[in-house]
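Engineer: Sending over a structure as structure tokens; questions will come in a sec.
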Amino acid sequence: MITHDERECAFPGCDRPVAARAGAVGQLPRYCSDPDHTAARAWQERQKAKRRGTGRPPRPTINPDRLDQPVTFAAAHAAELRHEVTELGDRLVDKLTALVGELRTMSDPDAAAAEVTARLAHAEQQVSTAKA
């Protein structure tokens, strides 16, 4: 059985142990004692990491200078079409991956915590403005 002292902080890149539980009841802490390591900030860091893109190789070009060579041109054109189909497949995979990511975000407790934190801050700001 893993105790709280053996678990690592759930904040991306942090390998410190989680903070001790405040009482005997309640959910086990997921983050270390660093005040910046919160569910909301962890979610934001994961989103930043996802946005760091991956490069793709440049698209090959066909130079049909010699249309008197139909077999050679057809082979080159077939290669271009294969590349386009591969790109379409990659785009489909990217879109499906994005869809799965959005569905996971919708059910992510850390994302919900980030939204609640932001909305509470906004509401507190509106209350302060209204009092002034």
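Engineer: Need the list of aspartates and glutamates near residue 50 for cross-linking: C-alpha distance under 13 angstrom, and skip anything on the same chain fewer than eight residues off.
Structural biologist: Partners within reach: 94, 102.
Engineer: Rounded to whole Hz and in sequence order, give me ³J(HN,Hα) for the range 71-88 from the Karplus expression 6.51 cos²θ - 1.76 cosθ + 1.60, θ = phi - 60°, writing x for Gly and Pro.
Structural biologist: Listing the rounded values in order: 5, 5, 5, 4, 5, 5, 5, 4, 5, 5, 4, 4, 5, 4, 5, 4, 4, 4 Hz.
Engineer: Under a 1.4 angstrom probe, counting protein chains only, how are 73, 11 ranked by accessible area, largest first?
Structural biologist: Per-residue accessible area, sorted high to low, gives 73, 11.
The values are calculated or read from the model by the stated rules, or taken from the named source; none is laboratory data. What you see is a predicted model; the values in this text were computed from it and never measured. To get the accessible areas, we keep the full protein, side chains included, count just its heavy atoms, and leave off ligands, DNA and RNA. Shrake-Rupley method; radii C 1.70, N 1.55, O 1.52, S 1.80 Å.
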